[in-house]
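Peer 1: Sharing a structure below in C-alpha cells format, with a few things to ask.
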Amino acid sequence: MTEHKKEEHKQHKENKPAEEKRLAEKKPDAAKAEPQKIKIDALKAQENQSAADAKKTAELAEKLKAAEDKYLRLCAEFDNFRKRTEAEKIEHAKYAAGKFIEAVLPVLDSFERSQKALDADAAAGEEVKKGFALIHRQLEDVLQKFGVTKMTAVGQLFDPRFHEAVLQKESGQPAQTVLEELQTGYVLHDKVLRPAMVVVAK
C-alpha cells in the first residue's frame with residue numbers, strides 16, 4: 001500500500017466516528033417528528049369523529065322533532081274527533097223526539113179546532129169545554145218538556161224560515177205582514193219543526 005493511500009485510509013477511519021456521530025444526532029429529530037405526526041393524525045381522526053357525531057345528533061334531533069309533530073297532530077285529531085262525536089250525540093239526543101212530536105202535532109191541531117168550534121157554539125156544554133181545555137193544556141205541557149214551543153206569527157213580518165204563506169189578502173197592514181194563522185208553527189229547541197201556515201197582507 002502506497003504512502004498516499006495509507007494516509008487516505010487513516011483519514012477515513014478518523015472521519016468515520018464523526019460522521020456516525022452526526023447521523024446519530026439527526027436520528028432523534030426524525031424520532032421526534034414521528035410522535036408529532038401521530039398526534040396530528042389522532043387529532044384529525046378525533047375531529048372527523050366529532051363531525052360524524054354532530055351529524056348523527058342533528059339527524060336524531062330532526063327525527064325526534066318530526067315524531068313529536070306527528071304525535072301532536074294525532075292528539076289534536078283525536079281531540080277533534082272526540083268533541084265532534086260528543087256534539088253529534090248531544091245533537092241526536094236533543095232532536096231524537098222530533099218524529100214523535102211531529103206525529104202528535106195533528107192531535108193537538110184537532111183539539112184546537114174542536115175548541116174553536118165549541119167557542120162558536122154557545123149551546124155547547126161548559127163541562128165539555130173545560131175538558132177540552134184541560135187536555136189541550138196538558139198536551140202542550142208535555143210538548144214543552146220536550147223543548148217544543150209555539151210560534152207567534154200574527155202581526156209578524158212574513159219570514160220563509162218560519163212561515164208558509166197559503167193566501168194573500170188586501171189589508172191596511174204593511175205588505176208581507178202575517179194577518180192570520182191557519183195552522184200553528186212549532187220550534188224544537190232552535191230548529192223549526194213545522195212552519196206556520198199563514199195568510200199575509202198584499
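The values are calculated or read from the model by the stated rules, or taken from the named source; none is laboratory data. Predicted, not measured: the structure shown is a model, and the values here were computed from it. Quick reminder, even Gly has a Cβ in these numbers, built from the backbone with ideal geometry, and neighbours come from all protein chains shown.
Peer 1: When you scan the stretch 143-156, do you find a residue that is charged (D, E, K, R), in contact with a Phe, Trp or Tyr (Cβ under 9 Å, 6 or more places away or on another chain), surrounded by 14 or more Cβ atoms within 10 Å (Cβ to Cβ) and in contact (Cβ under 8 Å) with a residue 24 or more places away in the chain, even just one?
Peer 2: Yes, there is a match, as at least one residue in the stretch 143-156 is charged (D, E, K, R), in contact with a Phe, Trp or Tyr (Cβ under 9 Å, 6 or more places away or on another chain), surrounded by 14 or more Cβ atoms within 10 Å (Cβ to Cβ) and in contact (Cβ under 8 Å) with a residue 24 or more places away in the chain.
Peer 1: Name the single residue that is farthest from LEU157 (Cα to Cα) among those in the stretch 179-194 being free of Cβ contacts under 8 Å to residues at least 40 places away in the same chain and not small (Gly, Ala, Ser).
Peer 2: ASP190
Peer 1: Just name the residue that is nearest to LEU188 (Cα to Cα) out of those in the stretch 100-142 that are surrounded by 15 or more Cβ atoms within 10 Å (Cβ to Cβ) and of a type in the set (Phe, Trp, Tyr).
Peer 2: Ranking the candidates gives PHE111 first.
Peer 1: Looking only at residues in the stretch 71-99 that are of a type in the set (Gly, Ala, Ser) and assigned to a helix (DSSP H, G or I), which one is nearest to TYR186 (Cα to Cα)?
Peer 2: This residue is GLY98.
Peer 1: So is VAL166 surrounded by fewer than 17 Cβ atoms within 10 Å (Cβ to Cβ), among the β-branched types (Val, Ile, Thr) and assigned by TED's automatic domain parsing to the domain that holds LEU105 or not?
Peer 2: no
Peer 1: Let me ask something else. Scan ARG137, ARG113, ARG82 and give me the residue that is closer than 20 Å to PRO195 by Cβ, out of contact with any strand residue (DSSP E or B) (no Cβ under 9 Å at 6 or more places or on another chain) and either without any contact (Cβ under 8 Å) to a residue 40 or more places away in the chain or in the same structural domain as PRO195 (by TED's automatic domain parsing) (or both).
Peer 2: Unique residue meeting the criteria: ARG113.
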